[in-house]
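Here is the structure we will look at.
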Amino acid sequence: MLVINQIKCSLNQINQLKQRIASKLKAPLEDILHYEILKESIDARKEVIIVYSCLVNIKHEQRYLSKQDVSLYHPEVFSIPPALKETSPIVIGFGPSGMFAALTLAQSGLTPIIFERGSRVEKRLEDVEKLWKDGIINPESNVQFGEGGAGTFSDGKLTTRSKDLRIHHIFEMFIEHGAKEEIRYKQHPHIGTDCLVDIVRNIRNHIIELGGTFYFDTKVESLLIEKETCIGICANGKNYYSNYVVLAIGHSAYDTLKSIYTDQVYMEAKDFAVGVRVEHPQKMIDKNQYKQYFKHPLLKASEYRLTYQASNARGVYSFCMCPGGYVVASNSNHGEIVTNGMSKSKRDHVYANSAILVQVKKEDYYKSSVLDGIDYLKKIEQQAYLLGGSNYYAPCCNIKDFVYDTNNPLIFKPTYLPGVKQMDMNSLFSTSILLSLKEALLHFDKKIPGFIEQGVMIAPETRSSSVVRILRNEQLESLNTKQLYPCGEGAGYAGGITSSALDGLKVAIAIIEDINKGVKQ
Ligand SMILES: Cc1cc2nc3c(=O)[nH]c(=O)nc-3n(C[C@H](O)[C@H](O)[C@H](O)COP(=O)(O)OP(=O)(O)OC[C@H]3O[C@@H](n4cnc5c(N)ncnc54)[C@H](O)[C@@H]3O)c2cc1C
């Protein structure tokens, strides 16, 4: 089998991929026995073209090996090592990292016990609806907490900068549990919140079939630590013991983080980011990206990625862009406002949204405690709640009014629910963050004309990464607490669904290897 890269198709040629492969190889069409798309990306720099990499089964393949963009296919094989001894690792949290840790452990023959403070995804849907419709927050079951973790109500973007080959395995797992096969080859794969809910449920059921046990609506209150070794957890006043505890709590479990900090588990403060969520007509983004082709039926809602270095040396960047999506209330507690974004699998809503985040450095907030970042974020979130009218309406304004200090009626009603309150955003952030944001928006307007004029902004976006990193050794165990495996975004080792899932997988493999090492000794 051959891998052929750089097969270029105009929009009219998308349905003639086999012919394009034959033409690229200068091969007879009938010699192509089978082909499969490995990668599909859109190049819209000049004309809009689709660029493919394909796996091709062709007669006389040796003839084509010397051609440009052609190579022999070497399949990358990853398999989960079987565990050589039965035991039940504890997994705290069932977001992408805990989910892939638990799934991998179960697939290796172990019987993980999963504790999730939030509800099953079916009940969680109702809780989240209550916030979005009626402004009623359930602090244990919301957009951050519950089965599937923070990624369940999301765009389900699977993009990551990691080149780790095990990401293919993660995508295969998503497909096996209900994701569309296209995530295997799309340049920017995404699942959509409507499909994620089913996938999460399917993975849970698979883990149960393999012998795993779930405790939903069950918050782990504390770790059981003896002689610098984690020997289990305490939940609902009951102790559960295990030689392996995966800590996959996400970035919003401040109470759990505080408890672990009190236990003196090593952690360090880290940089993070804060900002706003901007919303624009999707059509405007598409026009900029696809130019005259923007109405082409084969082109999906387009994305953007923007970066800027502000004059005060702060990085500003677009983050978690949701084409054809919705801005969503993502707070996890009473009296706070947090924005984020989600899309359905079709990404067919008329608005696009994205966070615009400004780097917050440790020296911006650090006073005396590793956890000072929590107070920094909470202050912004609580201030937004008060400014919004203490009813979960989020502060909002036209981007133009923010940049030029003017005040005009909102140019459109943002998608954020339960609602927004138009206001001056200047009191939400420090002068330095405001300056960086304003400069960046002016710069982004040059990249995407209309970015300022045609957009609204809703704030604050504060939960994009963890405020700490829980330190671990090469075996992925806590640096000073044996048998504890900090994992995923909350531990500071991932950002986003795929990298969190990958970290969960890595932690599971580390645990299996440790078990097997013990058996062999
Ligand atoms: C609205 C929204 C949209 C997003 N969109 C995208 C996207 O499109 N693409 C992308 O890559 N990323 C997206 N993200 C980010 C992504 O969801 C996170 O990076 C990812 O979920 C982190 O995975 P995790 O498993 O490390 O943590 P989490 O997903 O946060 O999961 C942690 C879990 O631990 C549980 N937990 C916490 N404390 C305890 C405790 N004491 N006891 C028991 N359980 C506990 C929580 O309830 C939670 O379910 C989005 C996030 C949000 C909020």
Notebook entry, point to check: Looking at (1) surrounded by fewer than 16 Cβ atoms within 10 Å (Cβ to Cβ); (2) farther than 30 Å from V327 by Cα, which is the one condition that is false for D198?
Noted result: (2)
Notebook entry, point to check: List pairs: first in segment 326-353 and closer than 15 Å to D134 by Cα and in contact (Cβ under 8 Å) with a residue 12 or more places away in the chain, second in a strand (DSSP E or B) and within 14 Å of the ligand (Cβ to nearest atom), Cβ under 6 Å, 6+ apart or cross-chain?
Noted result: V328/N340; V328/M342; S330/N340; I337/A394
Check: Is there a residue being under 16 Å from the mean Cα position of the chain (by Cα) and part of a loop (DSSP other than H, G, I, E, B) anywhere in segment 128-143?
Finding: yes
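Of the residues that sit in segment 114-134 and are of a type in the set (A, V, I, L, M, F, W, C) and surrounded by fewer than 20 Cβ atoms within 10 Å (Cβ to Cβ), which one is nearest to N391 (Cα to Cα)? Talk me through it step by step, then tell me what you get.
Kept after step one, since they are of a type in the set (A, V, I, L, M, F, W, C), are these residues of segment 114-134: 114-115, 121, 125, 128, 131-132.
Narrowing further to those that are surrounded by fewer than 20 Cβ atoms within 10 Å (Cβ to Cβ): 125, 132.
Working: L125: 20, W132: 11 Å.
Residue satisfying both the conditions and the ranking: W132.
Might you check whether a residue that is among the aromatic types (F, W, Y), outside any helix (DSSP H, G or I), under 29 Å from T152 (Cα atoms) and within 13 Å of the ligand (Cβ to nearest atom) occurs anywhere in segment 95-110?
Residues of segment 95-110 that are among the aromatic types (F, W, Y), as a first pass: 100.
Right, trim to outside any helix (DSSP H, G or I) and you get none.
No: segment 95-110 contains no residue that is among the aromatic types (F, W, Y), outside any helix (DSSP H, G or I), under 29 Å from T152 (Cα atoms) and within 13 Å of the ligand (Cβ to nearest atom).
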Margin query: Among the listed residues K291, K283, K270, identify the single one that is modelled with pLDDT under 95 and either more than 13 Å from the ligand (Cβ to nearest atom) or farther than 24 Å from G492 by Cβ (or both).
Written below: K291
Note to self: Every residue in segment 153-185 that is surrounded by fewer than 22 Cβ atoms within 10 Å (Cβ to Cβ) and within 14 Å of the ligand (Cβ to nearest atom), please.
What the structure shows: T159, T160, R161, S162, I167, F171, I183
Note to self: Given (1) away from the ligand (no atom under 16 Å from the Cβ); (2) within 24 Å of Y215 (Cβ to Cβ); (3) buried (at least 22 other Cβ atoms within 10 Å of the Cβ), identify the lone condition not met by Y52.
What the structure shows: (2)
Notebook entry, point to check: All but one of (1) touching a Ser or Thr at 6+ places or on another chain (Cβ under 7 Å); (2) within 13 Å of the ligand (Cβ to nearest atom); (3) more than 30 Å from T256 (Cβ to Cβ) hold for N340; which doesn't?
Noted result: (3)
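Collect the residues in segment 1-25 that are of a type outside the set (A, V, I, L, M) and either within 16 Å of K46 (Cβ to Cβ) or surrounded by fewer than 19 Cβ atoms within 10 Å (Cβ to Cβ) (or both), keeping them in residue-number order.
From segment 1-25, those of a type outside the set (A, V, I, L, M) are 5-6, 8-10, 12-13, 15-16, 18-20, 23-24; that's our starting set.
If the condition is that a residue be of a type outside the set (A, V, I, L, M) and either within 16 Å of K46 (Cβ to Cβ) or surrounded by fewer than 19 Cβ atoms within 10 Å (Cβ to Cβ) (or both), then N5, Q6, K8, C9, S10, N12, Q13, N15, Q16, K18, Q19, S23 are the ones that fit.
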Next item on the list: Show the residue pairs that are 6+ apart or on different chains and have beta-carbon atoms under 7 Å apart, the first residue being within segment 368-382 and among the polar types (S, T, N, Q), the second being surrounded by 19 or more Cβ atoms within 10 Å (Cβ to Cβ).
Entry: Q382/E336
Note to self: Return the residues of segment 365-415 that are over 28 Å from the mean Cα position of the chain (by Cα), closer than 27 Å to G325 by Cβ and charged (D, E, K, R); say none if nothing qualifies.
What the structure shows: K400, D401
Margin query: Out of the residues in segment 294-326 meeting the condition of being among the aliphatic types (A, V, I, L, M) and more than 14 Å from G156 (Cα to Cα), tell me which one is farthest from the ligand (Cβ to nearest atom).
Written below: A313
Notebook entry, point to check: What tally of residues in segment 73-94 results from selecting those that are within 16 Å of the ligand (Cβ to nearest atom) and part of a loop (DSSP other than H, G, I, E, B)?
Noted result: 3
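The values are calculated or read from the model by the stated rules, or taken from the named source; none is laboratory data. The model shown is predicted, which means the values in this text are computed figures rather than measured ones. Quick reminder, even Gly has a Cβ in these numbers, built from the backbone with ideal geometry, and neighbours come from all protein chains shown.
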